[in-house]
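Throughout, read-outs are computed from the coordinates displayed, never taken from laboratory work. Bear in mind the structure is a predicted one, so any value in this text is a computation, not a measurement. Backbone-built Cβ (ideal geometry, glycine too); neighbour counts: all protein chains shown.
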C-alpha cells in the first residue's frame, strides 16, 4: 500500500523516483477512466501525460494536498473535459463520435437539455461580476486553490472564498427549476459515455 501523502511530499521536494512511483501508481488506475471519457486510448495517454506534466511543474503545491487521490482525479477530470472542448473546437470530436452515435445516441430530449444547460452555464458565468468571474475561472479552469488565487490577486483567503461562494450561488440561481440538476448530470454522463 502506497502512502500517497508521503509520496506527494517527496515529489514536492523534487524526488524523481517518487514521481515515477506516483506516475505508475495513478497512470494504471486512471487509464480506463480517461479512456472511457475520451473514447480513445491515444487521447487518454495524451490527457494523462498532460496531467502528470502539470503535477511535476507545480509540484511545490503537492505537499499541502490532504487527499492526493481526489486531487489527481479532479485534475484528470478537468483535463479530460479540456481535451474534449479542444476536440469540439477543432471539429474532431464530432468526427470521432459518429461511429458511436449509432450505438448509443442520446435522445433528442437529452441533447436539447444538455445544450440548453451548457448555454445557461456559460451565460451564468458571463453574468458574474468581473472579479468574481476571474476568481471562479482561476479556480475551475486553472485548478488554482484558494490560497494560490489569494496570493496571485493579492487578496485574503476569505475574500477569495466568499467570491467563489458568491459565484456558485449566482450560477445556481441562474438555473431555474425547469431543468433539475439531476437531469443535467445524467445528461452529461450519457453524452460522455
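Tabulated data for the structure shown
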read-out: Top-ranked residue of region 1-19 - restricted to ones that are closer than 24 Å to residue 44 by Cβ and touching a residue at least 12 places away in the same chain (Cβ under 8 Å), ranked as surrounded by the fewest Cβ atoms within 10 Å (Cβ to Cβ); value: 2
read-out: Residue count for region 20-51, restricted to those that are part of a helix (DSSP H, G or I) and surrounded by fewer than 19 Cβ atoms within 10 Å (Cβ to Cβ); value: 19
read-out: Test: residue in region 45-53 that is in contact with a helix residue (DSSP H, G or I) (Cβ under 9 Å, 6 or more places away or on another chain) and more than 28 Å from residue 149 (Cα to Cα); value: yes
